[in-house]
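Here is the structure we will look at, set down as structure tokens.
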Amino acid sequence: MSLSASRSHPSQLASTDNSVLSVNDLCVRFYTRDGIIRAVNDVSFYLKRGETLGIVGESGCGKSVMALSVMGLIPQPPGRIESGTINLEGRNLLSLSERDMRNVRGNEISMIFQEPMTSLNPVLKIGFQISESLMLHQKLSKREAVEKTVDFLNLVRIPEATQRMNEYPHQMSGGMRQRVMIAMALSCNPKVLIADEPTTALDVTIQAQILNLMLDLKKKLETAIIMITHDLGIIAQVADRVMVMYVGLKAEEAPVGELFQQPLHPYTRGLMASIPHIEETDDTETAEIRLEEIPGVVPSLRREIIGCAFAPRCKFATQHCKEAQPPLEEKAPDHWVACWETERVRTSSYA
């Protein structure tokens with residue numbers, strides 16, 4: 001069975017009945033001179049109101065492409081959404097015109113991009129960049145939009161908000177620019193907020209402040225959040241559920257506590273083992289533990305993959321794994337795994 005083959009799982013899709021956002025069997029391809037890039041392959045997930053879904057995986061696994069698909073920002077050409085549905089409270093966003101999608105984008109669904117310096121317009125003052133969306137989507141007057149912009153800058157804890165409104169992005173630090181991006185994304189009180197690596201290039205202190213800020217705002221505004229990252233430490237701190245992706249496929253999905261307590265996919269275990277940690281010896285002295293690494297390399301998305309995509313790098317792989325793609329199955333309540341050798345993984349030692 002090839003990578004592009006469908007993996008139906010109706011029991012999981014039933015969980016989307018009370019969701020604010022549901023993505024079903026999404027396939028995204030990029031048609032380039034070097035061949036077809038299979039970026040996202042039959043991925044499904046749902047998001048409930050006020051919930052945080054963490055999406056984790058190596059660079060190039062399809063996280064950001066999936067987010068851009070939800071936002072309707074896949075460049076066409078070369079990109080193309082081959083199949084699937086993206087439903088926002090019952091509306092299939094893929095069936096909307098570009099004009100209708102512009103009313104959804106930034107209003108009902110907002111996105112915080114990876115690097116705020118390249119996401120903010122360098123020649124426009126930050127106050128205008130936020131108030132513009134309020135005048136467009138909320139139909140506020142200029143005065144009302146300015147007042148609400150100040151409120152949101154205060155909400156994201158930017159000091160001297162009235163003065164900061166008249167500053168340009170280059171006059172602010174990375175942490176402040178990221179706060180501006182959060183204020184802009186939340187200004188129209190969206191139903192869904194997509195945060196794509198929101199703490200990239202920030203030091204750990206500012207990173208903690210940004211994450212705590214997002215959690216506080218989620219409680220106040222009841223916004224559902226998709227947190228995209230490669231950092232499992234961030235996932236443990238902010239997510240309610242976690243989806244692990246590998247070469248455009250969903251490898252595993254579970255509640256955050258369940259996933260960290262007993263990951264059932266070898267790839268998830270490899271990611272867990274690569275987290276730096278300190279253990280104490282019997283002498284209460286710290287012992288240096290060598291980080292584990294996942295052997296091999298990520299397969300090319302330009303080639304059709306036969307069998308399990310992770311099999312060449314997996315110590316549990318059998319001949320069957322190399323010949324047939326594993327279905328996504330529920331191995332425990334709300335714990336979905338795509339692996340033929342789940343029981344062997346479950347009973348193996350895990351540090």
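The values are calculated or read from the model by the stated rules, or taken from the named source; none is laboratory data. Just so we're clear, the structure is a prediction, and the values are computed from it rather than from any experiment. In this analysis, Cβ positions are derived from the backbone assuming ideal geometry, glycine residues included, and neighbour counts consider all displayed protein chains. For the accessible areas, the whole protein counts, side chains as well, though only heavy atoms, and no ligand, DNA or RNA atoms are used. Shrake-Rupley method; radii C 1.70, N 1.55, O 1.52, S 1.80 Å.
Things to note:
- Matching option when the condition is farther than 27 Å from Thr199 by Cβ and within 20 Å of the chain's Cα centre (by Cα), among Leu94, Leu186, Leu140, Leu136: Leu94
- Matching residues in the range 131-159 - criterion: being in contact (Cβ under 8 Å) with a residue 12 or more places away in the chain, outside any helix (DSSP H, G or I) and polar (S, T, N, Q): Gln138
- Filtered residues of the range 160-186 (kept if in contact (Cβ under 8 Å) with a residue 60 or more places away in the chain and either farther than 13 Å from Ser119 by Cα or not in a helix (DSSP H, G or I) (or both)): Leu186
- When restricted to residues that are open to solvent by 10 Å² or more (accessible area, probe 1.4 Å), outside any strand (DSSP E or B) and under 24 Å from Val298 (Cα atoms), the range 63-105 contains 6.
- Scanning the range 1-31 for residues that are open to solvent by 40 Å² or more (accessible area, probe 1.4 Å) and modelled with pLDDT of 90 or more yields Asp25, Tyr31.
- Condition met for Arg241 (out of contact with any strand residue (DSSP E or B) (no Cβ under 9 Å at 6 or more places or on another chain) and buried (at least 16 other Cβ atoms within 10 Å of the Cβ)): no
- Qualifying positions in the range 34-45 - farther than 9 Å from Val247 by Cα and open to solvent by less than 20 Å² (accessible area, probe 1.4 Å): Asp42, Val43, Ser44, Phe45
- Qualifying residue in the range 197-206 (condition: in a helix (DSSP H, G or I), under 23 Å from the mean Cα position of the chain (by Cα) and either under 23 Å from Glu51 (Cβ atoms) or hydroxyl-bearing (Ser, Thr, Tyr) (or both)): yes
- Flag for Gln171 being closer than 29 Å to Leu47 by Cβ and either open to solvent by 50 Å² or more (accessible area, probe 1.4 Å) or at pLDDT 90 or above (or both): no
- Single residue of the range 106-125 satisfying the filter (more than 17 Å from Met135 (Cα to Cα) and of a type in the set (A, V, I, L, M, F, W, C)) that is most open to solvent (accessible area, probe 1.4 Å): Val123
- Candidates in the range 193-206 are the residues that are in contact with a helix residue (DSSP H, G or I) (Cβ under 8 Å, 6 or more places away or on another chain) and open to solvent by 40 Å² or more (accessible area, probe 1.4 Å); of these, the one that is nearest to Val23 (Cα to Cα) is Ala201.
- Of the listed requirements (1) over 24 Å from Leu93 (Cα atoms); (2) open to solvent by 10 Å² or more (accessible area, probe 1.4 Å); (3) of a type outside the set (Phe, Trp, Tyr), Met184 misses just one: (1).
- Taking each residue of the range 319-348 that is touching a residue at least 12 places away in the same chain (Cβ under 8 Å) and closer than 14 Å to Cys308 by Cα and looking for partners that are of a type in the set (Lys, Arg) and surrounded by fewer than 21 Cβ atoms within 10 Å (Cβ to Cβ) with beta-carbon atoms closer than 9 Å, six or more apart or interchain, yields Gln325/Arg7; Pro326/Arg7; Pro327/Arg7; Leu328/Arg7; Val337/Lys331; Ala338/Arg7; Cys339/Lys331; Thr342/Lys331.
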